[in-house]
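S.K.: The structure under discussion is supplied below as structure tokens; questions concerning it will follow.
The values are calculated or read from the model by the stated rules, or taken from the named source; none is laboratory data. This one's a predicted model, so the numbers in the text were calculated from it and none came from an experiment. We place every Cβ from the backbone using ideal geometry, glycine too, and count neighbours over all the protein chains shown. With ligands, DNA and RNA removed, areas are computed over all heavy atoms of the protein, side chains included. Shrake-Rupley method; radii C 1.70, N 1.55, O 1.52, S 1.80 Å.
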Amino acid sequence: YAMRLVEGGDLGSLTKGEPLQPKQAAGYMLGIARGIAAAHERGMLHRDIKPQNILVDAGTDRAMLTDFGLARFVEDDSGLTQTGQVLGTPSFMPPEQIKNSSEIDERADVYSLGGTLYQLLTGKPPFKAADLHETLRQVMSDEAVSPRRLNADVDVDLDTICLKCLEKDPLARYASAHELAGDLELFLQGRPTLARPAGPVTKLKKWCRRNTRLAAAIAVALLSTCFALVASVTGVVVLSNKNRTIAENYRTIEANFGIAAEGIDEQYVQISDEPLLQMPGIEPLRRRLLKRSLEYYRQLEELNRDNSAMDPRRAFALAASGNMALQLKLPREVAAQDLMAALKILERLPEKDRHTPQLFAAHSNALVGSGVLARQDAQLDKALDYFQRASQVRTRWVELFPDDVEASRKLASATMNEGLILRAQKKLPEAEAKFLAAQTMRRRLLEIDGTNRHVRRDRAMGNFNFAFLEMAHNNLGEALARIHDASAEFRELAQEVRIDQRLWTYKVTSLIHEAELVQRLATPEAPHTAATLISEAVSDLRALLEMEHKQTEYCVAQIDLYLQAVRTLMSIQNAEVDNLAMSEDALSHLEVVLRELQVAGPSESEDAAPSTEITRLGLHVRMYKTLLSLQLDSPEVAAGEVQNAISAFDEQAELVRSDPRLALDRSQLDAIQQQLSAQ
């Protein structure tokens, strides 16, 4: 395998803090844009264009694009990507590539060309922060500073070309690399370019999108000021006009309140659904954003508490803040108080006033949140009542707004919640009816739009839950089919949205349970199939634990799953040497991770490190190593391992007594020691 030798270095080395001459930069980028246009014509996306991947021939001064290691064909994405990674280089990636690299088109490469041109003109990339997470946030939310502000030598037209490439909205960029090349050529010829600078209206729209809450507040202030002026003028008119003005005042205030609240609603939805905020290490930031939204909702509710006209909005704010308190794991009383207050307001509103999508959502969400609290308190009858009422509200929502996909999706979720409570109450036929109804709704939604990831995720979770219902009926074959479908769906979703660690966790959990179920069926190929499934789960867990900026709470959850996978692997019938070696390697890796967590302690962004959890997990690892030693080592070596484990457990005697699983492990160690002594 041979490649052409290019002497002269890359553009990244040439622009370390020092910009190039604007026309030189444009000349380099013209050649690269033409090259990418040729690749695009053949159906190929590069996905990692940056100065370091552009070589300059010292003899011809010609720029050449290299490193197609992340390239893919538009219609044939093989998905060959390392588990859990974000594809590309963050400083030069467009927002849509961060969200989902499998759905980008040629305009993603156009963005990266613009980012590369930006560095050639300014000496630095358009977005670069002290850590990865802040860089990704800037790419998603901030507008790039004009190159002319950083380098006065940059021509207005070239500045405009660069910023057009870096638009957040793909539709606002050049439609193709060919169009970009055309404008660069016009610039180098000294002719007017097609791209024009953003006007004041466009700039205002962008600013409002970046600062939704502040824009809403300013709108409120401006409208209120205008209204005050109008009220002052009309004060000199007849009394009837004054009364009409007061009524208009209230309507204006209500509208302004709605504008501000909608901005906060949008922020809450983005925090809840944005895959970027589900990356390992982002949880502290997500919690801070949720807490901030919670404060805004409570301020809005407080300001309008004495105005009955604002009751619908107050109810929405209270329902949202109650569910946010649940997400943040605040004391249950905090969530319960807001949810109950929301329900009281909603239930005293006239029925016709509750028939809007927003209030249907608020009402049913408050009921679901209350049901979750009741389930946590083991009040199953009460939880079922709340979930049934939520289903009734959402049924009416669907009847009045049949084209609202979110209404149908939420109805399916409430129905599934009913089934989960019925299953917990051992009412299996009733539970099965609810599960079937929920999955039927999801199937119909996907027949309309098979790409809806929320519905696909819900369907996978429904199949996962259904598998356990089938196991309760002792229908192991049906259970395996259900959980296999869940694993396959989670696998596809995790590959499509690689930065969302929740999907990887769902996938791993499903794989482990699928392996356990395969073993229960005890077919001849069961040991091999189960080991293959666990191997995939362990590989994903290792990758998740090795990602940077992970928090202790996140790691504890992953390690618990890791131990479950190892336990399943060690229990496989006719355990082969490869399985035992994989278990040994996994346990050694877990020991390293736990030591790192103990040394690191809590980060500044964490409220408190669960050190007790780390100790608990360390004891479990010790127990599994002991059991593995019984299979791998001589009786003498195994006896020494057992004694070491007993000593470790005795050092944490108080914790062991308070944890039933650890207490059981400690008893098992005594039994193993007696058995070895007898031998």
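Residues are listed down the side, and each one gets a yes or a no for (1) open to solvent by 60 Å² or more (accessible area, probe 1.4 Å); (2) of a type outside the set (A, V, I, L, M, F, W, C); (3) modelled with pLDDT of 85 or more:
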position: Glu7; (1), (2), (3): yes, yes, no
position: Gln21; (1), (2), (3): yes, yes, yes
position: Ala26; (1), (2), (3): no, no, yes
position: Asp48; (1), (2), (3): no, yes, yes
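S.K.: Among the numbered criteria (1) on the phi < 0 side of the Ramachandran plot; (2) open to solvent by 10 Å² or more (accessible area, probe 1.4 Å), which single criterion is violated by Ala522?
M.R.: Evaluating Ala522 over (1) on the phi < 0 side of the Ramachandran plot; (2) open to solvent by 10 Å² or more (accessible area, probe 1.4 Å) leaves (1) as the failure.
S.K.: Another question, then. Would you mind stating whether Ser112 is hydroxyl-bearing (Ser, Thr, Tyr) and either over 15 Å from Ala181 (Cα atoms) or open to solvent by 40 Å² or more (accessible area, probe 1.4 Å) (or both)?
M.R.: For Ser112, the condition - hydroxyl-bearing (Ser, Thr, Tyr) and either over 15 Å from Ala181 (Cα atoms) or open to solvent by 40 Å² or more (accessible area, probe 1.4 Å) (or both) - is not met.
S.K.: Same structure, new question: Return only the number of the condition from (1) within 26 Å of the chain's Cα centre (by Cα); (2) open to solvent by less than 10 Å² (accessible area, probe 1.4 Å) that Gln501 does not satisfy.
M.R.: (2) is the only condition that Gln501 fails.
S.K.: What pairs come out if I take residues in region 344-370 that are under 13 Å from Arg314 (Cα atoms) and of a type in the set (A, V, I, L, M, F, W, C) and pair them with residues that are open to solvent by less than 30 Å² (accessible area, probe 1.4 Å) and not in a helix (DSSP H, G or I) whose C-beta lies under 9 Å away, six or more apart or interchain?
M.R.: Going by the 9 Å Cβ cut-off, the qualifying pairs are Leu359/Leu349.
S.K.: Going through Ala645, Ala671 one at a time, which residue ends up being modelled with pLDDT of 80 or more and either in contact with a Lys or Arg (Cβ under 7 Å, 6 or more places away or on another chain) or surrounded by 16 or more Cβ atoms within 10 Å (Cβ to Cβ) (or both)?
M.R.: Exactly one residue qualifies, and that residue is Ala645.
S.K.: Would you be able to say whether some residue in region 118-128 is more than 30 Å from the chain's Cα centre (by Cα), more than 24 Å from Arg196 (Cβ to Cβ) and either at pLDDT 85 or above or open to solvent by less than 10 Å² (accessible area, probe 1.4 Å) (or both)?
M.R.: yes
S.K.: Across region 39-55, what is the number of residues that are in a helix (DSSP H, G or I), in contact with a strand residue (DSSP E or B) (Cβ under 9 Å, 6 or more places away or on another chain) and closer than 15 Å to Ala108 by Cα?
M.R.: Total satisfying the criteria: 1.
For (1) buried (at least 24 other Cβ atoms within 10 Å of the Cβ); (2) of a type in the set (Val, Ile, Thr); (3) part of a helix (DSSP H, G or I); (4) modelled with pLDDT under 90, each residue gets a yes or a no:
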| position | (1), (2), (3), (4) |
| --- | --- |
| Leu330 | no, no, no, yes |
| Met340 | no, no, yes, no |
| His363 | yes, no, yes, no |
| Ala390 | yes, no, yes, no |
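S.K.: Scanning for something surrounded by 15 or more Cβ atoms within 10 Å (Cβ to Cβ), at pLDDT below 90, under 26 Å from the mean Cα position of the chain (by Cα) and more than 15 Å from Asp311 (Cβ to Cβ), does region 345-359 turn up at least one residue?
M.R.: Within region 345-359, not a single residue is surrounded by 15 or more Cβ atoms within 10 Å (Cβ to Cβ), at pLDDT below 90, under 26 Å from the mean Cα position of the chain (by Cα) and more than 15 Å from Asp311 (Cβ to Cβ).
S.K.: Being open to solvent by less than 40 Å² (accessible area, probe 1.4 Å), assigned to a strand (DSSP E or B), at pLDDT 85 or above and at negative phi is the requirement here; does Met64 meet it?
M.R.: Yes: the conditions hold for Met64.
S.K.: Also, quick follow-up: Yes or no: Val398 surrounded by 22 or more Cβ atoms within 10 Å (Cβ to Cβ), assigned to a helix (DSSP H, G or I) and among the hydrophobic types (A, V, I, L, M, F, W, C)?
M.R.: no
S.K.: Which of the residues belonging to region 476-498 are open to solvent by 10 Å² or more (accessible area, probe 1.4 Å) and in a loop (DSSP other than H, G, I, E, B)?
M.R.: Arg498
S.K.: Another one. Across region 525-548, which residue is surrounded by the fewest Cβ atoms within 10 Å (Cβ to Cβ) among those that are without any contact (Cβ under 8 Å) to a residue 40 or more places away in the chain, out of contact with any Leu (no Cβ under 9 Å at 6 or more places or on another chain) and of a type outside the set (Ser, Thr, Tyr)?
M.R.: Among those residues, the one meeting the criterion is Glu525.
S.K.: Would you confirm whether or not region 620-633 contains a residue that is over 24 Å from Ala565 (Cα atoms) and either of a type in the set (S, T, N, Q) or within 37 Å of the chain's Cα centre (by Cα) (or both)?
M.R.: no
S.K.: Let me ask you something else. Under 7 Å between Cβ atoms, at least 6 apart or on separate chains: pull out the pairs that start in region 181-201 with a residue that is farther than 18 Å from Glu106 by Cβ and open to solvent by less than 70 Å² (accessible area, probe 1.4 Å) and end on any residue that is acidic (Asp, Glu) and modelled with pLDDT of 70 or more.
M.R.: Phe187/Asp157; Thr193/Asp157; Thr193/Asp183
S.K.: Tell me, which residue of region 131-167 that is outside any helix (DSSP H, G or I) and among the acidic types (Asp, Glu) is most open to solvent (accessible area, probe 1.4 Å)?
M.R.: Across region 131-167, the extreme among qualifying residues is Asp153.
S.K.: On the basis of being open to solvent by less than 10 Å² (accessible area, probe 1.4 Å), at pLDDT below 90 and part of a loop (DSSP other than H, G, I, E, B), does Gly84 make the cut?
M.R.: yes
S.K.: Could you tell me which residue of region 412-438 is farthest from Asn475 (Cα to Cα), considering only residues that are open to solvent by 20 Å² or more (accessible area, probe 1.4 Å) and under 29 Å from the mean Cα position of the chain (by Cα)?
M.R.: The extreme case among them is Ser413.
S.K.: Determine, yes or no, whether Ala467 is surrounded by 21 or more Cβ atoms within 10 Å (Cβ to Cβ), of a type in the set (Gly, Ala, Ser) and either assigned to a loop (DSSP other than H, G, I, E, B) or within 20 Å of the chain's Cα centre (by Cα) (or both).
M.R.: Against the criterion (surrounded by 21 or more Cβ atoms within 10 Å (Cβ to Cβ), of a type in the set (Gly, Ala, Ser) and either assigned to a loop (DSSP other than H, G, I, E, B) or within 20 Å of the chain's Cα centre (by Cα) (or both)), Ala467 does not qualify.
S.K.: Step by step: first the residues of region 98-113, then only those that are in a helix (DSSP H, G or I) and farther than 18 Å from Asp67 by Cα, then the one that is modelled with the lowest pLDDT. Which residue is that?
M.R.: Ser102
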